[in-house]
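Undergrad: Starting off with a structure, shown below.
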Amino acid sequence: METRVFTENTAENIEAAAAIIRAGGLLGIPTETVYGLGANALNADAVLHIFEAKGRPQDNPLIIHVPDETWLERYCHDVPETAYTLAAAFWPGPLTMILPRKPIVPLRTTGGLETVGVRCPNHPVTLAVIQAAGVPVAAPSGNLSGRPSPTSASDMLEDMDGRIDAIFDGGPSGVGVESSVIDLTVTPPRLLRAGGLPLEALQSILGEVIVDKCITEPVAPGEKPKAPGMKYRHYAPKAPVTVICGGAAASAAYIRAHAQPGDGVICFSEFAASFPAQRVHDLGPVDNKLAQAQRVFDALRTFDATDVPRIFAQCPDEAGLGLAVANRLKKAAGFDVVTV
Ligand code: AMP
Ligand code: MG
């Protein structure tokens, strides 16, 4: 199929994009986290096409996207008061809430689970498309399964050109990592995926939050993580990655001592000039976690277009967005982590 590209946020383009969703088609949608591969969440056939286009395992549930919290009751039951408090504080934004599913949401969308992940994305184009379509849009990240998530329309087209009906180019994603996923069906609430909303922000409203260990440790063979997606190897570039945790000066020194000429290095801006014999991708300043989140997938994708035999990455500390950036790097490394 030929993939249409919408670029201007006009009423006509929004209506054309919404018509694709209503007709059961596939639409690339811009969000503040990463680009998504969207379809009508209530249409099991359309949802099946998402899994096929991505090559995604069918037990890996999709997040459904809504325009505001008033839609929660349509698709979820037993919505706790805290869901509305979180929505008031953080929606639209990079937060997905796991809640009990109403039967109107097909099991195909939820990967067979009795719960559903719901999020309100902070992007004017996508909010307008969902409103115009009148249905929630199920959307995983718009990459082929196992590839880094796309943070621009051109990244997404690399993976999806010819596989989807259209994509709406809404500019580069402002946050750059996927949403934080919080399970509100358990007490205390459990963070299943570190993402664009820092843990500290969730704790400020929820108090105690359990951080699922799949965020910081590898999933053991045969283990069943709470967020099924966490068991799949993600974001993996072709070359093996080693992540170096610890102080920035110490991790840079470790990489200087171990990297061979021609290796790839993902490092903080302050150290970009320290590796003249290596191919460097600047992750952003040590103290700018937002820049690091925006650049981390681009760094991993960029190296795939090269023949670097090995990649070393400096890891930020886990405060704020650092938890999500560190998690994406460690997953790319298959949890090959050195602490200095
Ligand atoms: P993606 O769609 O690629 O952003 O991935 C969505 C993430 O949210 C995956 O890790 C899923 O496993 C997780 N997720 C979505 N829905 C649920 C749910 N109902 N229960 C637990 N995890 C979920
Ligand atoms: Mg994904």
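The values are calculated or read from the model by the stated rules, or taken from the named source; none is laboratory data. Fair warning: this is a prediction, and the values are worked out from it, not measured in the lab. Every residue, glycine as well, gets a Cβ built from its backbone with ideal geometry; the counts of neighbours run over all protein chains shown. What goes into the accessible areas is simple: the full protein's heavy atoms, side chains included, and nothing from ligands, DNA or RNA. Shrake-Rupley method; radii C 1.70, N 1.55, O 1.52, S 1.80 Å.
Undergrad: Can you pull out every residue in the stretch 127-181 that is in contact with a His (Cβ under 7 Å, 6 or more places away or on another chain) and more than 19 Å from Phe303 (Cα to Cα)?
TA: Filtering the stretch 127-181 down to residues in contact with a His (Cβ under 7 Å, 6 or more places away or on another chain) leaves 130, 136-137, 139, 146, 170.
Selection gives Ile130, Pro136, Val137, Ala139, Gly170.
Undergrad: Here's a follow-up. Yes or no: Ala139 closer than 20 Å to Gln58 by Cα and touching a residue at least 40 places away in the same chain (Cβ under 8 Å)? Full working, then the answer.
TA: Numbers: closer than 20 Å to Gln58 by Cα: yes; touching a residue at least 40 places away in the same chain (Cβ under 8 Å): yes.
Judged against the criteria, Ala139 is a match.
Undergrad: So is Thr126 modelled with pLDDT of 95 or more, closer than 27 Å to Pro172 by Cα and within 11 Å of ligand 1 (Cβ to nearest atom) or not? Lay out the reasoning, then the answer.
TA: Details: modelled with pLDDT of 95 or more: yes; closer than 27 Å to Pro172 by Cα: yes; within 11 Å of ligand 1 (Cβ to nearest atom): no.
No: the conditions fail for Thr126.
Undergrad: Let me ask you something else. Taking the stated definitions as given, is Asp287 free of Cβ contacts under 8 Å to residues at least 12 places away in the same chain and either surrounded by fewer than 21 Cβ atoms within 10 Å (Cβ to Cβ) or among the small types (Gly, Ala, Ser) (or both)? Working first, answer last.
TA: Numbers: free of Cβ contacts under 8 Å to residues at least 12 places away in the same chain: yes; either surrounded by fewer than 21 Cβ atoms within 10 Å (Cβ to Cβ) or among the small types (Gly, Ala, Ser) (or both): yes.
Yes, satisfied.
Conditions tested, residue by residue: (1) buried (at least 18 other Cβ atoms within 10 Å of the Cβ); (2) β-branched (Val, Ile, Thr).
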| site | (1), (2) |
| --- | --- |
| Lys54 | yes, no |
| Ile64 | yes, yes |
| Asp68 | no, no |
| Trp71 | no, no |
| Tyr75 | yes, no |
| Thr82 | no, yes |
| Ile104 | no, yes |
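Undergrad: Further question: Which members of the stretch 135-162 meet the condition of being within 16 Å of ligand 1 (Cβ to nearest atom), open to solvent by 20 Å² or more (accessible area, probe 1.4 Å) and over 19 Å from Pro121 (Cβ atoms)?
TA: Leu144, Ser145, Gly146, Arg147, listed by residue number.
Undergrad: Given (1) surrounded by fewer than 24 Cβ atoms within 10 Å (Cβ to Cβ); (2) within 12 Å of Ala239 (Cβ to Cβ); (3) of a type in the set (Phe, Trp, Tyr), where does Phe312 come up short, assuming only one miss?
TA: So Phe312 meets the others, but not (1).
Undergrad: Still on this structure, I have one more. Taking the options Pro80, Pro150, Pro94, name whichever one is in contact with a Leu (Cβ under 7 Å, 6 or more places away or on another chain), within 16 Å of ligand 2 (Cβ to nearest atom) and not hydroxyl-bearing (Ser, Thr, Tyr).
TA: Details: Pro80 fails: within 16 Å of ligand 2 (Cβ to nearest atom); Pro150 fails: in contact with a Leu (Cβ under 7 Å, 6 or more places away or on another chain).
The match here is Pro94.
Undergrad: Same structure again: Hey, any hits in the stretch 108-115 for a residue that's out of contact with any Asp or Glu (no Cβ under 7 Å at 6 or more places or on another chain), within 11 Å of ligand 1 (Cβ to nearest atom) and modelled with pLDDT under 95?
TA: Of the stretch 108-115, the ones out of contact with any Asp or Glu (no Cβ under 7 Å at 6 or more places or on another chain) are 108-110, 113-115.
Now narrow it down to the ones that are within 11 Å of ligand 1 (Cβ to nearest atom): 109-110, 113-115.
Still in the running and modelled with pLDDT under 95: none.
Scanning the stretch 108-115, I find no residue that is out of contact with any Asp or Glu (no Cβ under 7 Å at 6 or more places or on another chain), within 11 Å of ligand 1 (Cβ to nearest atom) and modelled with pLDDT under 95, so the answer is no.
Undergrad: Yes or no: Pro136 within 27 Å of Ile14 (Cβ to Cβ) and within 16 Å of ligand 2 (Cβ to nearest atom)?
TA: Values: within 27 Å of Ile14 (Cβ to Cβ): yes; within 16 Å of ligand 2 (Cβ to nearest atom): no.
So Pro136 does not fit the description; no.
Undergrad: So for the stretch 249-271 (the condition being closer than 25 Å to Cys214 by Cα, modelled with pLDDT of 95 or more and surrounded by fewer than 23 Cβ atoms within 10 Å (Cβ to Cβ)), does at least one residue qualify? Walk me through it before giving the result.
TA: Step one: list which residues in the stretch 249-271 are closer than 25 Å to Cys214 by Cα, which gives 251, 266-267.
Keeping just the survivors that are modelled with pLDDT of 95 or more gives 251, 266-267.
Next, from what is left, pick out any that are surrounded by fewer than 23 Cβ atoms within 10 Å (Cβ to Cβ): none.
No: the stretch 249-271 contains no residue that is closer than 25 Å to Cys214 by Cα, modelled with pLDDT of 95 or more and surrounded by fewer than 23 Cβ atoms within 10 Å (Cβ to Cβ).
Undergrad: Does any residue in the stretch 153-168 that is of a type in the set (Gly, Ala, Ser) come within less than 7 Å, Cβ to Cβ, of a residue that is in a helix (DSSP H, G or I) six or more places away or on a different chain, and which pairs are these?
TA: Pairs that qualify, where the first residue is of a type in the set (Gly, Ala, Ser) and the partner is in a helix (DSSP H, G or I), are Ala166/Ala17; Ala166/Ile20.
Undergrad: Considering each of Pro228, Pro237, Pro189 in turn, give the residue that is near ligand 1 (Cβ under 10 Å from one of its atoms), open to solvent by less than 40 Å² (accessible area, probe 1.4 Å) and not aliphatic (A, V, I, L, M).
TA: Values: Pro237 fails: near ligand 1 (Cβ under 10 Å from one of its atoms); Pro189 fails: near ligand 1 (Cβ under 10 Å from one of its atoms).
Going through Pro228, Pro237, Pro189 in turn, the sole match is Pro228.
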